[in-house]
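Comments concern the structure below.
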Amino acid sequence: MHRVMVVGASGLLGQHMMSAGTEMGLAMNGTYNTVNDEMSGMVRMDITDADSVSQGLEAACPELVVLCAAMTNVDQCEREPDAAYKVNMEGSFNVASECRSAGIKMVYISTDYVFNGLKGGRYHEFEPADPLSVYARSKLEGERVTLDADRNNLVCRVSVVYGWNRLNRKSNFVSWTVDSLRRGQEIRLYDDQFVSPTYAPAAARDILELSLGKLKGICHTSGPDCLSRYDIGTTVAEVFGLDASLIRAVSTAEMPLLAKRPARSCLGVDLAESELGRPMTSLRQGLEMMRDSE
Ligand SMILES: NC(=O)c1ccc[n+]([C@@H]2O[C@H](COP(=O)([O-])OP(=O)(O)OC[C@H]3O[C@@H](n4cnc5c(N)ncnc54)[C@H](OP(=O)(O)O)[C@@H]3O)[C@@H](O)[C@H]2O)c1
């Protein structure tokens, strides 16, 4: 049985990684930093502390490490660039160095935001990155330190991850949309930011399967769609039976954000689909599974 350690198992993708791995029959260990739900096998690890990383890995002795931990709030990264680089670059470096010393394969979870979004079409793995924000630049550094440590490591990029968060109250784009519409609250969604929404339980399984194979380098493991945030919102309303008239389309110019976002950072997933031998999970499929598992 493969031993897998999920660093950042208390986060959205990390918690689904733990469940997917257990369902796949893998021996899972997970780490938290501040959110501990007494989940079995969860140990505390702060990736910015090299000793904490080496002690955690020594105790668990995994064959594979999946690094989900990151500073993920894009605007907070813009406000606190030192903290963003500390976690997303230095923290990733600590994990990558320790994995290299111990001969452990590492998988780094990254983002569609490494692209500038100006291309107009989907981005593939071989296309050059051009990050627009502190978050995106620090994540790209995380990719670099992962692949510099060992060319056999894998970088999996996802985009707008959604699903139920069973461990803490942190919302995601879809859960926030559902909650707001259920409260009858009007929401404003960008109709000029296009992304590839990624259902956390499906991505978790896909990433674990790919990680256990021979794939190395970069792989896009998002959902297959390319949709505006407004279109995602109206699909959420439809699938969950909520009032779509509460959703108002806005443009980025009308409602600017602190950190710059790419206009169209949709990912091409052909590589992942051909490696897995199945299509990636569409938004509609993901939302239906989410609705049915509430
Ligand atoms: N969410 C998205 O839409 C999205 C889109 C593209 C890419 N991604 C990438 O996907 C990955 C997972 O994202 P997510 O949304 O699941 O994350 P999340 O829910 O925000 O969780 C972040 C995780 O990182 C941990 N963490 C933060 N700082 C840490 C530190 N110093 N040491 C150790 N752990 C630390 C957190 O631990 P505690 O909670 O215990 O403090 C938590 O487990 C990230 O790499 C993110 O960049 C996410």
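Report yes if residue 136 is in contact with a Phe, Trp or Tyr (Cβ under 8 Å, 6 or more places away or on another chain), within 14 Å of the ligand (Cβ to nearest atom) and in a loop (DSSP other than H, G, I, E, B), otherwise no.
no
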Quick one: would you say residue 4 is within 19 Å of residue 210 (Cβ to Cβ), more than 12 Å from the ligand (Cβ to nearest atom) and within 18 Å of the chain's Cα centre (by Cα)?
-> yes
Among the residues of the range 255-293 satisfying the criterion of being over 21 Å from the mean Cα position of the chain (by Cα) and at pLDDT below 95, which is nearest to residue 135 (Cα to Cα)?
-> 256
Of all residues in the range 102-116 being in contact with a helix residue (DSSP H, G or I) (Cβ under 8 Å, 6 or more places away or on another chain) and not hydrophobic (A, V, I, L, M, F, W, C), which is farthest from residue 261 (Cα to Cα)?
-> 105
Would the range 174-194 turn up any residue that is assigned to a loop (DSSP other than H, G, I, E, B), surrounded by fewer than 24 Cβ atoms within 10 Å (Cβ to Cβ) and within 13 Å of the ligand (Cβ to nearest atom)?
-> yes
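Could you say whether any residue in the range 26-34 is farther than 24 Å from residue 145 by Cα and within 8 Å of the ligand (Cβ to nearest atom)?
yes
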What about residue 135, is it touching a Cys at 6+ places or on another chain (Cβ under 7 Å) and at pLDDT 95 or above?
-> yes
Right, residue 115: more than 13 Å from the ligand (Cβ to nearest atom) and among the aromatic types (Phe, Trp, Tyr) or not?
-> no
Hey, among the residues in the range 159-173 that are under 23 Å from residue 261 (Cα atoms) and out of contact with any strand residue (DSSP E or B) (no Cβ under 8 Å at 6 or more places or on another chain), which one's nearest to the ligand (Cβ to nearest atom)?
-> 170
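The values are calculated or read from the model by the stated rules, or taken from the named source; none is laboratory data. Remember, predicted model here, so these are calculated numbers, not experimental data. Cβ coordinates were reconstructed from backbone atoms using ideal geometry, including for glycine residues, and neighbour counts include every protein chain displayed.
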